[in-house]
Every structure is written in structure tokens, then in C-alpha cells.
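> A single structure is presented below for examination.
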Amino acid sequence: MPKPIPLPRARVSASPWLTVILLCVGQMMIVLDQNIVNVALPAVQRGLGISSENLVWVVNAYVIPFGGLLLLAGRLGDLIGRKAVFLTGIVLFSASSVLCGVAATETELIASRFLQGIGGAVASACVLGMVATVFSERRKQAQAIAAYSFASAGGGAVGPLLGGVLTDLLSWHWIFFINAPIGAALVLVGVRALPGDRGEGMGKGTDFLGALLVMAGMMLLVYTVVDAERVGWAAAQTLLLGPVSLLLLIGFVVRQATAAAPLLPPRIFRSRSLTAANIVQFLMIAGMFGLLFFGTLYLQRVLRYGSLRAGIGFVPIAVVIAVVSLGFSTRLITRFGQRTMLLLGLALISGAFVMLSFARADGAYPVDFLPASLVMGLGFGLAAPAAMGLGMSAVTPADAGIASGLFNTTQQIGGAMGLTVLSALVSARTDSLTAAGRTEAESLVGGYHAAFLAAAGFTLAALIVGACLLKTTPSVVVGQQGVSSAEQNTPVP
């Protein structure tokens with residue numbers, strides 16, 4: 001196997017761990033915002049008088065630009081510098097958060113959420129790429145990726161709690177205002193502390209046509225998927241926009257094979273590791289969204305928990321994810337390998353979803369929800385760092401930004417599509433049980449059971465993909481020389 005070509009690395013800051021902390025705080029802030037809003041939606045609806053039909057756009061207006069811009073933002077990070085792109089995204093995200101908080105009408109809120117989605121995409125697209133290139137020593141790099149995994153997963157689990165606290169004790173406006181001081185601190189410290197990098201330079205050329213195709217295709221695909229639950233999968237809108245979005249994305253793929261300076265260089269897919277890790281990520285996140293969404297509904301609509309109490313119910317999973325990803329995953333990965341930990345984690349997640357499928361209509365939190373959530377936290381704490389490490393291990397520093405954007409895109413599309421499919425299953429099963437004469441609680445729980453079993457199917461599929469396509473690698477290294485031949489995943493011939 002030929003030796004990797006040496007590539008320039010970003011200038012390392014005086015405190016590499018401060019760099020990791022700043023990046024993880026930024027990532028957690030963005031992930032928190034995606035989940036914190038769900039708990040506050042009823043209060044937002046009452047405060048602004050938003051109709052039930054339009055309420056979904058408080059979420060969709062953020063998700064659509066976020067999912068559509070990640071690839072472009074990641075590539076811009078490689079070209080003009082990831083530090084500049086990250087800080088620009090944080091400024092836009094924080095400013096638009098303030099606009100969301102002061103919004104007096106639903107139009108103002110939805111427009112501000114769209115801007116917030118753009119800022120979130122620009123900021124988060126490069127984070128994983130920056131985290132993965134801070135260290136060249138394999139153990140420290142694995143620890144940094146584990147910290148990023150906790151920021152992403154822990155942020156999702158803590159979101160419902162923080163949303164409940166802010167909404168109940170202050171008002172829904174504060175779920176947005178809280179981002180402003182965090183973002184300001186990140187920018188003030190990050191300007192000096194984050195390592196500078198010049199990127200490849202815009203002189204390399206930018207594939208503007210490819211950027212237009214992927215932005216239009218991804219935004220249209222996300223819009224079609226998230227709105228399909230409202231209008232129906234057989235509706236004319238879905239049947240028309242779905243194929244159009246796929247044609248745009250196919251056009252993007254064709255363009256990347258012929259462009260002189262492609263936005264998504266085809267070379268990064270030569271590694272089976274990167275491709276398989278993204279497939280695993282897609283399926284795993286598609287399932288995990290089922291826990292965050294339908295788990296919250298189970299606590300609130302079946303067990304009759306309030307917003308704050310339901311948020312507290314997710315604290316154990318966040319604690320377990322933190323303990324496992326930050327305390328044990330690095331040592332376990334170093335000893336047993338990433339592939340082994342990934343497969344074990346996916347098996348535990350699948351088992352946790354099966355446990356949730358036995359939750360009762362007259363159940364109790366310590367019996368019907370807590371044990372499964374603890375197993376879920378253990379599984380995700382093991383699987384997430386391993387999946388990201390396996391994917392990033394095949395990427396040179398020059399492509400770290402676009403690879404990071406690709407991972408984030410996979411997460412967003414997986415979450416949107418997974419939640420839409422699971423929601424359709426819940427609606428169909430709930431309606432069927434209601435028509436059969438079951439009580440409201442029994443019908444709801446029956447619907448959630450269908451979602452949890454389908455989520456288990458997603459993660460089992462991820463396990464099969466990982467077992468078949470991923471090869472054992474002892475460590476993760478994205479260093480100055482790229483991935484060493486002894487640690488590199490075997491590329492696809």
C-alpha cells in the first residue's frame with residue numbers, strides 16, 4: 001500500500017484540549033437547540049397563537065436549511081479555513097437565536113428559525129473535522145472524538161430537560177435567548193484559542209453548480225420528508241417533489257464525477273470505512289430519534305408527566321452517555337477495537353428498543369422506561385464514538401471538513417426520515433387500535449410499541465452493515481501524515 005501523502009495541518013493552539021472543549025460546547029449548543037424546542041412547542045403555540053397545522057414549521061424551518069447546507073459548509077471549511085467558518089456560523093446562530101426570542105408573530109419566528117438553521121449548519125459542519133485533527137496521538141484523538149460524541153448525544157438527551165426548566169420557570173423565549181451568551185463567549189475565546197488554518201484556498205476552484213444542486217436537492221428532500229406526515233406519502237406534493245429532489249441529487253453525483261474541483265470529492269468514498277460508517281450512522285440516528293420523540297410522548301401523554309418532569313426523565317440516559325463516552329469508551333476501543341465496540345453498542349441499542357416495546361399503558365417510570373433508557377445510554381455511548389472514529393480514520397486532514405459535513409448530513413437526513421417513518425407507523429397503529437375499541441392510553445402505547453420495534457429494526461440493520469462492511473481497526477489516527485498504513489481501513493478496490 002503506498003504511503004499517504006504528507007498534508008499540512010492546522011496550526012495547533014497552545015491548549016489543544018481547550019480547542020476540543022470550545023468545539024464541543026458549540027456542537028452541544030446547536031444540538032440542544034434542535035431538541036429543546038420540542039418541549040416548548042405548546043407554550044410557543046399559546047404565546048403566538050400559531051395554528052396546529054403551522055406549528056410544525058417552527059421545527060421544519062430550522063431542519064430544512066440545516067440539512068441542505070452541511071455539505072457546502074463543510075467544503076467551504078476545507079477551502080477557506082474551518083476556524084473562520086465555525087466562528088461565522090456561531091455568530092449567525094447566536095444572532096438569529098435572539099431574533100427567535102423576540103419574535104412577536106409566527107412569521108417572524110419561522111423566518112428567524114430559518115436563519116438559525118443556516119447558522120447551525122455553517123457552525124456544526126466543520127466541528128468533527130476540527131476535533132479529529134487536533135491530536136495526532138491515537139489515544140488522545142479517540143478521547144477527543146468521544147467528547148464530540150457526548151456533546152452530540154448528551155445534548156440531545158439534555159434538551160428536553162433544559163427546555164422544560166426554561167419554559168416552566170421563565171418562558172419559551174428563553175430557550176432561544178440562552179444561546180446568545182454562550183455564543184458570545186465562544187466567539188470571544190475562540191478567536192484567540194482556536195487553531196488558525198488557511199485551508200486549501202479558493203484558488204482551487206469552487207463547484208458552484210454542484211453546490212446549487214446539492215443545496216436544492218437536500219432542502220427539497222428534507223422538506224418532502226418532514227411534510228409527508230402532514231400531507232401524506234401518496235399526496236401529489238410528495239409524489240412530485242420526492243422524485244425531483246432525487247433527480248437533483250443524482251445530478252449532483254454526476255457533477256462530482258466530472259467537475260474539476262468537486263464539492264464532494266469522489267476520492268473520499270474509496271474507503272469502505274467511510275461509506276459504511278455513514279450508512280451505520282444513518283440507520284442508528286433514524287432509530288435514536290424514536291427514543292427522543294416517542295419516549296417524550298410516552299412520558300407526557302401516557303404517564304401524564306409535565307414538561308419539566310419529562311425532561312428530568314431523560315437525565316439518566318444523558319449521565320450514562322457521559323460516563324461511557326468520556327470515561328470508558330476510549331479505553332475499550334483501544335483494547336478491543338472500534339468495530340467490536342460499535343457492534344456491541346448497536347446490539348445494546350436494539351435490545352433497549354425491544355425493552356421499550358413492552359412499556360405498559362398503566363406503567364411506571366422505574367419499570368417501563370428507566371431500565372431501557374440506561375441500556376440505551378450504554379449502547380449509544382459505545383457505538384457513537386466508534387462509528388465516528390471508523391469514518392474519520394479514512395480521511396486526510398485536507399478532507400476533514402467535507403467528511404464532517406457528510407457525517408452531519410447523514411445524521412440530519414437519517415433523523416428526519418426515521419422520524420417520519422416511525423410517525424406514520426404510530427399513527428396507523430394508534431388509529432387501528434382506537435377503531436378496535438381500545439382506550440386512548442392503550443392505543444397510544446400500541447402505536448409507540450410499533451415505533452420502538454421499527455427503531456430496533458433500524459439499529460439491527462446498522463449492526464448487520466457494520467458487521468459485513470467494516471473491518472477491524474485497532475485505533476483512529478488522522479494525523480500529519482494522514483492515516484498510517486498499519487491503521488488504515490482497507491479501501492474499496
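The values are calculated or read from the model by the stated rules, or taken from the named source; none is laboratory data. Everything numeric in this text was worked out from a predicted model, so none of it was measured. Heads up, the Cβs are rebuilt from the backbone with ideal geometry, glycines too, and the neighbour counts pull from every protein chain shown.
> Pairs please, first residue from segment 368-395 and β-branched (Val, Ile, Thr), second anywhere and surrounded by 23 or more Cβ atoms within 10 Å (Cβ to Cβ) and part of a helix (DSSP H, G or I), Cβ atoms under 9 Å, 6+ apart in sequence or on different chains.
What qualifies is 375/349; 375/352; 395/129; 395/132; 395/274; 395/402; 395/403; 395/404.
> To continue, here is another question. Among (1) surrounded by 22 or more Cβ atoms within 10 Å (Cβ to Cβ); (2) more than 21 Å from residue 265 (Cβ to Cβ); (3) small (Gly, Ala, Ser), where does residue 77 come up short?
Every listed condition holds for residue 77 apart from (2).
> Any residue in segment 98-118 that is among the polar types (S, T, N, Q), surrounded by fewer than 24 Cβ atoms within 10 Å (Cβ to Cβ) and in a helix (DSSP H, G or I)?
Yes, some residue in segment 98-118 is among the polar types (S, T, N, Q), surrounded by fewer than 24 Cβ atoms within 10 Å (Cβ to Cβ) and in a helix (DSSP H, G or I).
> Looking at the structure I just gave you, is residue 159 surrounded by fewer than 24 Cβ atoms within 10 Å (Cβ to Cβ), in contact with an Asp or Glu (Cβ under 9 Å, 6 or more places away or on another chain) and either within 30 Å of residue 336 (Cβ to Cβ) or modelled with pLDDT under 75 (or both)? Full working, then the answer.
On the way: surrounded by fewer than 24 Cβ atoms within 10 Å (Cβ to Cβ): no; in contact with an Asp or Glu (Cβ under 9 Å, 6 or more places away or on another chain): yes; either within 30 Å of residue 336 (Cβ to Cβ) or modelled with pLDDT under 75 (or both): yes.
No; evaluated as a whole, the condition is false for this residue.
> Restricting attention to segment 96-139, which residues are of a type in the set (Lys, Arg) and either touching a residue at least 60 places away in the same chain (Cβ under 8 Å) or in contact with an Asp or Glu (Cβ under 8 Å, 6 or more places away or on another chain) (or both)?
Once the filter is applied, which keeps residues that are of a type in the set (Lys, Arg) and either touching a residue at least 60 places away in the same chain (Cβ under 8 Å) or in contact with an Asp or Glu (Cβ under 8 Å, 6 or more places away or on another chain) (or both), segment 96-139 yields 138, 139.
> Name the residues in segment 243-271 that are of a type in the set (Gly, Ala, Ser), farther than 19 Å from residue 413 by Cβ and surrounded by 18 or more Cβ atoms within 10 Å (Cβ to Cβ), would you?
259, 271
> Looking at the structure I just gave you, is residue 281 farther than 18 Å from residue 409 by Cα, in a helix (DSSP H, G or I) and polar (S, T, N, Q)?
On the way: farther than 18 Å from residue 409 by Cα: no; in a helix (DSSP H, G or I): yes; polar (S, T, N, Q): yes.
Considered against the rule, which asks whether it is farther than 18 Å from residue 409 by Cα, in a helix (DSSP H, G or I) and polar (S, T, N, Q), residue 281 comes out as no.
> Which pairs have Cβ atoms under 7 Å, sit 6 or more apart or on different chains, and link a residue in segment 424-444 that is surrounded by 18 or more Cβ atoms within 10 Å (Cβ to Cβ) to one that is in a loop (DSSP other than H, G, I, E, B) and not β-branched (Val, Ile, Thr)?
442/361
> Let me ask something else about it. Any idea which residue in segment 169-199 is surrounded by the most Cβ atoms within 10 Å (Cβ to Cβ), counting only those that are modelled with pLDDT under 75 and charged (D, E, K, R)? Full working, then the answer.
Taking segment 169-199 as the starting set, the residues that turn out to be modelled with pLDDT under 75 are 196-199.
Subsequent filtering for residues that are charged (D, E, K, R) retains 197-198.
Numbers: 197: 24, 198: 13.
Among them, the one singled out is 197.
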